[in-house]
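The values are calculated or read from the model by the stated rules, or taken from the named source; none is laboratory data. Values in this document were obtained by computation on a predicted structure and should not be read as measured data. Positions of Cβ are backbone-derived with ideal geometry, glycine not excepted, and every protein chain shown enters the neighbour counts.
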Amino acid sequence: MSDLNSINWMVLAGGAVVLLIVVIQWRLQQHNKIKIEQLSQEIDQLKSTLNALISSAVGVDRRVDMLEQGKIELQQRQESMEQHSRSGRPYAEAIHRAQQGETASQLMDEFDMSQNEADLIVMLHRSSSPNLV
């Protein structure tokens, strides 16, 4: 009988160990399930943040492209205006200088204009100068 008691206790102890292992395994599965749900929520949040960042980057990229295009257009306009002012006669500045009292020969040298042009500017605009009346 003592052998039977001893066997019963061993079976009982073995059953308790198996039950303990099952409970531990179940608790681990529950913990892992909760952890997986948390990680899944974090992944969803990260996806949402990433999508927002991508959308922002696309918008910024479009604005940068527009700014670069505007910059190119402004550069072209500036070059065109500079070319035009170099190729055209700077009459406005010559008129201003004539009003300040410069002579026709000074205007010819400074603005690379003909004698007739310089004389005409001096004749028309020197008399309109308030300092010389």
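Could you tell me whether region 79-93 includes any residue that is modelled with pLDDT under 90, in contact with a Leu (Cβ under 6 Å, 6 or more places away or on another chain) and surrounded by 10 or more Cβ atoms within 10 Å (Cβ to Cβ)?
Among the residues of region 79-93, not one is modelled with pLDDT under 90, in contact with a Leu (Cβ under 6 Å, 6 or more places away or on another chain) and surrounded by 10 or more Cβ atoms within 10 Å (Cβ to Cβ), which makes the answer no.
Tell me whether region 4-15 contains one or more residues that are within 30 Å of residue 120 (Cα to Cα), surrounded by fewer than 10 Cβ atoms within 10 Å (Cβ to Cβ) and not assigned by TED's automatic domain parsing to the domain that holds residue 120.
Looking only at region 4-15, we keep the residues that are within 30 Å of residue 120 (Cα to Cα), and these are none.
Scanning region 4-15, I find no residue that is within 30 Å of residue 120 (Cα to Cα), surrounded by fewer than 10 Cβ atoms within 10 Å (Cβ to Cβ) and not assigned by TED's automatic domain parsing to the domain that holds residue 120, so the answer is no.
Do any helices (runs of 4 or more DSSP H) entirely within region 1-119 hold 3 or more residues that are touching a His at 6+ places or on another chain (Cβ under 6 Å) and in contact (Cβ under 8 Å) with a residue 12 or more places away in the chain, and if so, which?
Filter on region 1-119 gives 91-99.
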